[in-house]
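S.K.: Starting off with a structure, shown below.
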């Protein structure tokens, strides 16, 4: 037999061994996933009961009167972590609400995964809900209640996945650390300080953000960018008291009108922000980012249907997704003036009017600089007879982008592909998640989003819900991810 034939046989043999190894790995994955599925299905009712219990706790972080409820939710999570066998489970005090910390560290020599989520929720306008927002209801394959989607789903899915692996295999293939934030819905003002004080405790090789979403029920996605945020509240005063509209109308400045005039001055006829200098530091979306947008099956009518709107607004020079991912905004998020009770009618000229603003920021914009520009604009455009006072936020959230050329990214992508059966889309998000920036800057790792929320689940709005099908899918996703990281890192270590 000549050398050429021998070489061919060797190549065929090597290729056959590779195919066999790949097949064996797929069978192992399938076997493990089947065991996980059995456990998940068998414990579905118990997990639903836990979901209802946690969502029932009104852990509204931005309302001081709800502080005992925030503490109660934190204690509930600690109890659950201990119940599934987490080595360490405790609340760690901060200057504000506590962070829940959990750690399973019985896999020496294996990588450590840090999982972030938040257990606090947004305030509610109860009259807008069809059910009491903290009396969760299961209907039509969904669980309704404040925080069901954002983000108690992220807290529970990650815990249940670890529970599944511990109960099925008796151990985890990697070390896992949980950090559950109690202040995300008010900007996580204490989180950076928590990270600074606990750097050694929180050391990890990879990080995940469970406060994330997927593109749709059948199409996965990976978050590649976030906008920053800056908040401002201002009050315009035209008189020391409300005035009788008949006695003083026609000669007395109206605070509500003055506020309306100031707000109108914020915008051009095209809907752009008219504040001088607002766009000066905005860097246009890159060609790569524009190409990423083109790959997405964007449907304007879908968003309008979800919200019940009839039009899209904004500068048409930029595509809708470019506007919400890579362009800054100035939005009025609240206004108050005069008599606004549900019943009754008061003939007054308001002496005070208040507005709250949120700006979503991009690339190298500075929150403080933007707020300074807005304050300067308001002072310049105050109507005659009006004076203004300001209430400033404790801090600003910076924009952030995630690289796609890291093994951390590929591990997330691989897990999504395995569970969904299709490659994940790369997406941006118009919102802000400040803790992800803090994790990156303090711990030196990117917390890639791996959450199961969907766009139509009414997060921050009335009748928020979460799909029960996502509970199951999410647990399998995390189980596979943890095992996949262990396997791939072991291969790299043994090379």
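The values are calculated or read from the model by the stated rules, or taken from the named source; none is laboratory data. Being a predicted model, the structure only gives us computed values, none of them experimental. Backbone-built Cβ (ideal geometry, glycine too); neighbour counts: all protein chains shown.
Here is a yes/no grid of residues against (1) outside the structural domain of residue 54 (by TED's automatic domain parsing); (2) within 17 Å of residue 476 (Cβ to Cβ); (3) touching a residue at least 12 places away in the same chain (Cβ under 8 Å); (4) part of a strand (DSSP E or B):
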site	(1), (2), (3), (4)
138	no, no, yes, yes
150	no, no, yes, no
154	no, yes, yes, no
158	no, yes, yes, no
163	no, yes, yes, no
167	no, yes, yes, no
172	no, yes, yes, no
192	no, no, yes, no
195	no, no, yes, no
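S.K.: In segment 430-444, how many residues are touching a strand residue (DSSP E or B) at 6+ places or on another chain (Cβ under 8 Å) and either surrounded by fewer than 18 Cβ atoms within 10 Å (Cβ to Cβ) or farther than 15 Å from residue 177 by Cα (or both)? Can you show your working first?
M.R.: Narrowing segment 430-444 to residues touching a strand residue (DSSP E or B) at 6+ places or on another chain (Cβ under 8 Å): 430-437, 439-440, 443.
Applying the additional criterion that residues be either surrounded by fewer than 18 Cβ atoms within 10 Å (Cβ to Cβ) or farther than 15 Å from residue 177 by Cα (or both) yields 430-437, 440, 443.
Adding up the residues that qualify gives 10.
S.K.: In segment 226-252, how many residues are part of a loop (DSSP other than H, G, I, E, B), modelled with pLDDT of 95 or more and either buried (at least 19 other Cβ atoms within 10 Å of the Cβ) or not assigned by TED's automatic domain parsing to the domain that holds residue 332 (or both)?
M.R.: Count: 1.
S.K.: Mind checking which residues of segment 377-403 are closer than 30 Å to residue 206 by Cβ, surrounded by 14 or more Cβ atoms within 10 Å (Cβ to Cβ) and out of contact with any strand residue (DSSP E or B) (no Cβ under 6 Å at 6 or more places or on another chain)?
M.R.: Answer for segment 377-403, where residues must be closer than 30 Å to residue 206 by Cβ, surrounded by 14 or more Cβ atoms within 10 Å (Cβ to Cβ) and out of contact with any strand residue (DSSP E or B) (no Cβ under 6 Å at 6 or more places or on another chain): just 395.
S.K.: I would also like to ask the following. For the condition in a loop (DSSP other than H, G, I, E, B) and touching a residue at least 24 places away in the same chain (Cβ under 8 Å), what is the one hit in 408, 404, 415? Talk me through it step by step, then tell me what you get.
M.R.: Numbers: 408 fails: in a loop (DSSP other than H, G, I, E, B); 415 fails: in a loop (DSSP other than H, G, I, E, B).
Testing whether each residue is in a loop (DSSP other than H, G, I, E, B) and touching a residue at least 24 places away in the same chain (Cβ under 8 Å) leaves just 404.
S.K.: A follow-up question, please. If residue 108 passes every condition in (1) modelled with pLDDT of 95 or more; (2) touching a strand residue (DSSP E or B) at 6+ places or on another chain (Cβ under 8 Å); (3) within 28 Å of residue 411 (Cα to Cα) but one, which one does it miss?
M.R.: That leaves (2) as the condition not met.
S.K.: Considering only residues that are under 18 Å from residue 82 (Cβ atoms) and out of contact with any helix residue (DSSP H, G or I) (no Cβ under 7 Å at 6 or more places or on another chain), look in segment 135-165 and name the one that is surrounded by the fewest Cβ atoms within 10 Å (Cβ to Cβ).
M.R.: Keep residues of segment 135-165 that are under 18 Å from residue 82 (Cβ atoms), which gives 155-156, 158-165.
Remaining after also requiring out of contact with any helix residue (DSSP H, G or I) (no Cβ under 7 Å at 6 or more places or on another chain): 162-163.
On the way: 162: 25, 163: 22.
Going through the qualifying residues, I end up with 163.
S.K.: For the structure I just gave you, tell me whether residue 32 is assigned to a helix (DSSP H, G or I), at pLDDT below 95 and assigned by TED's automatic domain parsing to the domain that holds residue 465.
M.R.: Values: assigned to a helix (DSSP H, G or I): yes; at pLDDT below 95: yes; assigned by TED's automatic domain parsing to the domain that holds residue 465: yes.
So residue 32 fits the description; yes.
S.K.: Taking segment 39-77 only, how many residues are in a helix (DSSP H, G or I) and touching a residue at least 24 places away in the same chain (Cβ under 8 Å)?
M.R.: 17
S.K.: Going residue by residue through segment 450-462, is there one that turns out to be within 17 Å of the chain's Cα centre (by Cα), part of a helix (DSSP H, G or I) and at pLDDT below 95?
M.R.: Taking segment 450-462 first, the residues within 17 Å of the chain's Cα centre (by Cα) are 450-461.
Applying the additional criterion that residues be part of a helix (DSSP H, G or I) yields none.
No: zero hits.
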